[in-house]
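First up is the structure itself, then whatever we jot down about it.
The values are calculated or read from the model by the stated rules, or taken from the named source; none is laboratory data. Just so you know, these numbers come straight off a predicted model, no measurement behind them. Positions of Cβ are generated from backbone atoms using ideal geometry, with glycine treated the same way; all protein chains shown enter the neighbour counts. In case anyone asks, the SASA skips ligands and DNA or RNA and just uses the protein heavy atoms, side chains included. Shrake-Rupley method; radii C 1.70, N 1.55, O 1.52, S 1.80 Å.
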6 protein chains.
Amino acid sequence: MSGSGSGEGEADRVASFNAFRSRMNDRILAEDNQVIRRFFSLDTQTYRAGALDVKTKELLGLVASMVLRCDDCIAYHVSQCREVGVNRDEFFEAFSVALVVGGSIVIPHLRRAVDFLDKLESASSAAPGAPHSHD
Amino acid sequence: MSGSGSGEGEADRVASFNAFRSRMNDRILAEDNQVIRRFFSLDTQTYRAGALDVKTKELLGLVASMVLRCDDCIAYHVSQCREVGVNRDEFFEAFSVALVVGGSIVIPHLRRAVDFLDKLESASSAAPGAPHSHD
Amino acid sequence: MSGSGSGEGEADRVASFNAFRSRMNDRILAEDNQVIRRFFSLDTQTYRAGALDVKTKELLGLVASMVLRCDDCIAYHVSQCREVGVNRDEFFEAFSVALVVGGSIVIPHLRRAVDFLDKLESASSAAPGAPHSHD
Amino acid sequence: MSGSGSGEGEADRVASFNAFRSRMNDRILAEDNQVIRRFFSLDTQTYRAGALDVKTKELLGLVASMVLRCDDCIAYHVSQCREVGVNRDEFFEAFSVALVVGGSIVIPHLRRAVDFLDKLESASSAAPGAPHSHD
Amino acid sequence: MSGSGSGEGEADRVASFNAFRSRMNDRILAEDNQVIRRFFSLDTQTYRAGALDVKTKELLGLVASMVLRCDDCIAYHVSQCREVGVNRDEFFEAFSVALVVGGSIVIPHLRRAVDFLDKLESASSAAPGAPHSHD
Amino acid sequence: MSGSGSGEGEADRVASFNAFRSRMNDRILAEDNQVIRRFFSLDTQTYRAGALDVKTKELLGLVASMVLRCDDCIAYHVSQCREVGVNRDEFFEAFSVALVVGGSIVIPHLRRAVDFLDKLESASSAAPGAPHSHD
């Protein structure tokens, strides 16, 4: 629980993030630019299971996003990590690697990452029966 | 068209960005700091036509801003590029260079760049007769 | 004075920044992660007086935050610098170093730094008797 | 002319850079990793003529590399720009955009960029008949 | 095998990297600066097994170092990853995440990472009986 | 003392850094590019005494260079700081701020900064009578 907000309010904020992301991805992919389309497709392929499993790869994406300090990328990978079963202790250990590698400049992004994780958790507990699934 | 918003609402958002930018520039230049004033003047001089034309230089500024991931700088150069006649296909090719050089971490900024470009276009189509001119 | 806002409104915006910062720090430190806790403690220790005085160290933190372009870190160090007596001319000289080292990409963060400084000043002038103290 | 070096010595240094680049690219592409292979192919596709011509795209790649401060990427794009006819004045205008956007932190990379450009020029003048061609 | 070099030559280059690293760490820790000493100690603690195992944490450190483009950090984590059993396919999948997140600007660092990995492998195959151990 | 090297050898390495820097600055300023020339002049002006003294400004330049991880900029500001009397304890406190703000990714640059400082000190002790002066 992130304090003041109700579960529904939190879910709304997560939903609004996802809606913008989804709407603009559609706009971008509607353009006739093959390099950008191929990049988006490659980006998806990158996190598929291979020699490393999906969970490890999503954690790699999360820590890379944190040290590069991109809030949207962090939110996306926090969400993906949660889907594939990363638990709270594992999240904070991944956060700790990003914090030590990237320094105190990472702290504001860490705050927002934890806030987003809190929102995801309170959204899913407000919607029992569909805890963290894409369906 | 950016979907939900009316032309007027889009114009407002662009106007609000420009108003803050303009108000704070005035605040900064009102200070008695010659280094900062000279930097601002140099920044303006940088994009004047020379061996390279203004359009090329504005595209350079745009791609530099995208790989450095600064939304305000991106918005500013998207706006300037539009003034000097960069068309949508050219924008997306410049975006594609920034995306490939800078990686997926650029994607959230690409989304906001396209959103801003959409807003500029819908604002100018809502104000026919003054499509995208400084005059 | 930052133009449109009343002193109370400005104070609110500063207060809201501090409230989120404080709430999320509590969330983070409540976790059982010793690396993160030790990092936060080390971060505090870094700015204590030693061979260099607190004012110099806070200015170092401010310029580091500006060239790394982190608005929250900038706001935090602007606030700390003000507490330890950095005056407006000194602020702008520190800003000028950050601007020249970091380039025009720093300008949007400079605008927000000056806006935040304006808000701090108008908040403290709206609350005479407690100008800028932690007590 | 870069001062002390003979044309042959300069050519050697450029050749050594290209040899390492080429040898390691072969090593990397020999691996059975489709994401990396697709990325390399996409990288090549990015600079092909489209809505923007090759010269503009190579200049975009050069300035992006300079503000991100990657000497090898800078050397590569300086070399490519020269192949497609960017002249010395155009190079320095592109450099000036990178310098103003990226700040004084770019200066050491600017020095090495100019040194590399000097070497390319003295290498090609030492090999008349094949001034700056891939054939 | 990295091509031209003998096993002994490669081992020397790795040894020279380690010798400078070790000598300068001693210099730094000999200073009476508690913040720096505590940071070094925290850095070591970060990669210890906890909710995540050492291998995952070293991979996180590797990918963070690659997207931040620090060759020495990359070399260090490549070496650590190898110690804890990361195999070549796993290395290249981690590299692929760094490449897609960080973009083509990562490529020169990828080349040097692969070169360093090649050197480690050829050094250890030149010294059978102690393949890749700290003892 | 940096261990193995003689005073003369260390002085040579510092001299070689300065010689390249000086030679390339001359090359760059010989070009007819006013933006670049004005930037170089502005860069010099930035560190002149004003509301903040030269020592504080050079320390700001040093820490900015460290968190942005530019070895040449670090070497330059270490050298300048030494000229204006920054002592070893003050250097390490400035380093500690850069390390905590910028994270472990700064460590390789810290090693080279300390190595360069050692070289400067052993060079000046090998040339008594002219300890650290520009004349």
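Numbers below:
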| read-out | value |
| --- | --- |
| Selected residue (criterion: farthest from A:PHE116 (Cα to Cα)) from residues of region A:68-95 that are of a type in the set (S, T, N, Q) and under 11 Å from the mean Cα position of the chain (by Cα) | A:GLN80 |
| Every residue from region E:92-104 that is in contact with a Phe, Trp or Tyr (Cβ under 8 Å, 6 or more places away or on another chain) and either β-branched (Val, Ile, Thr) or modelled with pLDDT under 95 (or both) | E:VAL97, E:VAL100 |
| Wholly enclosed helices (runs of 4 or more DSSP H) of region D:13-98 bearing at least 2 residues within 24 Å of A:PHE40 (Cα to Cα) and at the interface with another protein chain (Cβ under 7 Å from one of its Cβ atoms) | D:34-46, D:54-67 |
| Residue within region F:96-105 that is open to solvent by 10 Å² or more (accessible area, probe 1.4 Å) and within 22 Å of F:PHE17 (Cα to Cα) present | no |
| From E:ALA94, E:ALA64, residue being farther than 30 Å from F:GLU93 by Cα and either out of contact with any Ser or Thr (no Cβ under 6 Å at 6 or more places or on another chain) or touching a residue at least 24 places away in the same chain (Cβ under 8 Å) (or both) | E:ALA94 |
| Single residue of C:ASN25, C:ASN87, C:ASN33 found to be without any contact (Cβ under 8 Å) to a residue 40 or more places away in the chain, buried (at least 20 other Cβ atoms within 10 Å of the Cβ) and over 21 Å from F:VAL67 (Cα atoms) | C:ASN33 |
| Scan of region E:21-48 for residues that are out of contact with any helix residue (DSSP H, G or I) (no Cβ under 8 Å at 6 or more places or on another chain) and among the aliphatic types (A, V, I, L, M), ordered by number | E:ALA30 |
| Filter pass, F:GLY102 being among the small types (Gly, Ala, Ser) and at positive phi | no |
| C:VAL106 vs. criteria within 14 Å of chain D (Cβ to nearest Cβ) and without any contact (Cβ under 8 Å) to a residue 12 or more places away in the chain | no |
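For every residue, the table says whether it meets (1) over 23 Å from D:GLY102 (Cα atoms); (2) modelled with pLDDT under 95.
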residue: C:MET66; (1), (2): no, no
residue: C:ALA75; (1), (2): no, no
residue: C:GLU90; (1), (2): yes, no
residue: C:VAL106; (1), (2): no, no
residue: C:SER122; (1), (2): yes, yes
